[in-house]
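Below is one structure, written out as structure tokens, with a few remarks after it.
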Amino acid sequence: MYTYKDFATGKIRKTRGKFSGWTRPTGLLKARYAIFSNPGGDVLVPEYLLTAETKERIAPNITTA
């Protein structure tokens with residue numbers, strides 16, 4: 001399970017999706033987005049909202065799309 005900070009509320013949220021990679025840097029902040037695949041679809045979370053534990057957990061899987 002991976003965790004991230006909710007942008008609107010600041011609360012910690014969870015996703016059970018499987019980490020499947022990163023997007024290219026995009027948007028006004030040129031941020032990468034972590035892609036978590038679920039059976040119902042993908043969840044994209046900006047790198048700056050990932051918790052430290054999640055960053056550590058996906059560090060060995062760092063790849064750029």
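Working only within the range 2-20, note down all residues that are outside any loop (DSSP other than H, G, I, E, B) and either out of contact with any helix residue (DSSP H, G or I) (no Cβ under 8 Å at 6 or more places or on another chain) or aromatic (Phe, Trp, Tyr) (or both). If the condition is that a residue be outside any loop (DSSP other than H, G, I, E, B) and either out of contact with any helix residue (DSSP H, G or I) (no Cβ under 8 Å at 6 or more places or on another chain) or aromatic (Phe, Trp, Tyr) (or both), then TYR2, TYR4, ILE12, ARG13, LYS14, THR15, LYS18, PHE19, SER20 are the ones that fit.
Once the range 1-15 is narrowed to residues that are farther than 17 Å from ILE58 by Cα and open to solvent by 80 Å² or more (accessible area, probe 1.4 Å), the residue that is modelled with the lowest pLDDT is PHE7. Check GLU56 against each of (1) assigned to a strand (DSSP E or B); (2) open to solvent by 70 Å² or more (accessible area, probe 1.4 Å); (3) without any contact (Cβ under 8 Å) to a residue 24 or more places away in the chain and name the one condition it does not meet. Only one criterion is unmet by GLU56, namely (1).
Restricting attention to the range 33-44, the residues that are open to solvent by less than 40 Å² (accessible area, probe 1.4 Å) and under 15 Å from ALA59 (Cα atoms) total 3. Whenever a residue of the range 7-27 is more than 20 Å from GLY41 (Cα to Cα), its partners that are assigned to a loop (DSSP other than H, G, I, E, B) and open to solvent by 40 Å² or more (accessible area, probe 1.4 Å), lying with C-beta atoms within less than 7 angstrom and at least six residues away or across chains, give the pairs PRO25/ARG32. Only one residue in LYS18, LYS30 is open to solvent by 40 Å² or more (accessible area, probe 1.4 Å) and under 12 Å from MET1 (Cα atoms). Which one? Of LYS18, LYS30, the one residue that is open to solvent by 40 Å² or more (accessible area, probe 1.4 Å) and under 12 Å from MET1 (Cα atoms) is LYS18.
The values are calculated or read from the model by the stated rules, or taken from the named source; none is laboratory data. From a predicted model like this one, the values you see are computed outputs, not experimental measurements. Cβ atoms come from the backbone with ideal geometry, glycine included; neighbour counts cover every protein chain shown. Side chains are part of the model used for accessible areas, which takes the heavy atoms of the whole protein and leaves out ligands, DNA and RNA. Shrake-Rupley method; radii C 1.70, N 1.55, O 1.52, S 1.80 Å.
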